[in-house]
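Working notes, structure below.
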Amino acid sequence: MTSSGLIKNIYRVALNGLASVTGVEFAKKFDARIRFGRKLDLRAPATLADLVNWLELNTDQTLAAQCSDKYVVREYVTSKRLEGILIPLCGGSWTDVRQIDLESLPRSLVLKAAHGCEMNYLCRDKTDIKHSDLERKAKRWLKTECVSPVDVFVGVSRFLLTVSESIWRLNWMGRVDGR
């Protein structure tokens, strides 16, 4: 883990601890002061950060929790008859890295954790995979708690997913190129 990753993890744990002691609203205000150098205005939200924080504190976050899970959100998208916008899965979901059969996966793939960000293993050619590196990262991802003091991430599943090699052909608009 890099020193910046370690600092982020320490800050995340401290922020979650602060939220459990003083409440989520205070922790959010503290976080904004530290990261953005300003106070959150939750009485009359004027910026996007103010509005997002107000929404997280004052609205039902059930759908947000469902949509923050990279695996469960697929059910929601399908229920809205929008499955055509989903990037196809080529494996998973797994709760243990030892369950992954790399031989059954396509040559190029992306392994992701379903419950957070910055948990991606990009692989253009699976013959180049350093198995010990992949196993170490995936185990760490599965142990990682939510990244926010907001209850929206409580109950989000911890799975590993793989998406198909078509991810490499995505252009900046998120559409698959015809190449």
Requested in this report: Report ³J(HN,Hα) in whole Hz for each residue of region 61-73, in order, from the Karplus equation J = 6.51 cos²θ - 1.76 cosθ + 1.60 where θ = phi - 60°; Gly and Pro get x.
Outcome: 9, 4, 5, 4, 5, 4, 7, 7, 8, 4, 8, 5, 4
**Report entry** Cross-link pairs 8/39; 8/112; 8/137; 28/139; 8/126 - those with Cα-Cα distance over 24 Å
**Finding:** 28/139; 8/126
Query raised in the report: What nm value, rounded to one decimal, do you get for the distance between residue 58 and residue 39 when each label is placed 7 Å out toward the C-beta?
Result: 1.7 nm
Query raised in the report: Once amide H atoms are placed 1.01 Å from N in the peptide plane, what residues at a sequence separation of 5 or more from residue 91, or on another chain, have their amide H within under 5 Å of its amide H?
Result: 162
Requested in this report: Treat each spin label as a single point 7 Å out from the Cα along the C-beta direction, and report the residue 67 to residue 117 distance in nm.
Outcome: 1.5 nm
**Report entry** Percent RCO, i.e. relative contact order, over region 5-131, from Cα pairs under 8 Å lying at least 6 residues apart
**Finding:** 12 percent
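Mind ranking 6-19, 125-138 by how tightly packed they are, going by the mean number of other C-beta atoms within 10 angstrom, highest first?
In decreasing order of mean packing, 6-19, 125-138 become 6-19, 125-138.
Throughout, read-outs are computed from the coordinates displayed, never taken from laboratory work. Here the structure is a predicted model, which is why all the values come from computation and not from measurement. Heads up, the Cβs are rebuilt from the backbone with ideal geometry, glycines too, and the neighbour counts pull from every protein chain shown.
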